[in-house]
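Scroll down for the structure; my scribbles are underneath it.
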Amino acid sequence: MEEKISLPTKTKIVAWFLIVIGTIGILGLFISLFGLISMILIKFIGFPPSKTPLLSEIPKVFLLGILITMFNFLPGIFLLKRKKWSWWLVIILISSSLLYSLMKFSSFGILINSFLLALLLLDRKNFLKVAK
């Protein structure tokens, strides 16, 4: 009888963090979808765009929600399913997010991304042993 080796704890923390961020992205996606629908309805009713400045931002928020969902939620799921390629994808995504945070001088982003990157890199050997 084969004993299933459990996923390393640090990897689980990163995966669940990505899933939570992705879930927040999905909620934002639905909120912005309702905003997009209301924007279309308002255009049919006849409000000029200058009187509704937030409506011009709704498509951007919608696209951002799709990106957050794709780049956080799905790799987190595959990380929990022990896929080697998802580990590399998450490393690339967190590294690029860290570079973006450095360029924008976002101390919170730098802190979170550095923490997640350190957790994944410290647990690399253990994850690759149990990954498929």
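Would it be correct to say that Ser86 is farther than 16 Å from Gly22 by Cβ, polar (S, T, N, Q) and touching a helix residue (DSSP H, G or I) at 6+ places or on another chain (Cβ under 8 Å)?
Numbers: farther than 16 Å from Gly22 by Cβ: no; polar (S, T, N, Q): yes; touching a helix residue (DSSP H, G or I) at 6+ places or on another chain (Cβ under 8 Å): yes.
No: the conditions fail for Ser86.
Residues checked against (1) surrounded by 15 or more Cβ atoms within 10 Å (Cβ to Cβ); (2) at pLDDT 70 or above; (3) under 20 Å from Thr11 (Cα atoms):
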{"site": "Glu57", "(1), (2), (3)": "no, no, no"}
{"site": "Arg82", "(1), (2), (3)": "yes, yes, yes"}
{"site": "Leu99", "(1), (2), (3)": "no, yes, no"}
{"site": "Leu117", "(1), (2), (3)": "yes, yes, yes"}
{"site": "Leu120", "(1), (2), (3)": "yes, yes, yes"}
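The values are calculated or read from the model by the stated rules, or taken from the named source; none is laboratory data. Values in this document were obtained by computation on a predicted structure and should not be read as measured data. As a convention, Cβ positions derive from the backbone with ideal geometry for all residues, glycine included, and neighbour counts pool all protein chains shown.
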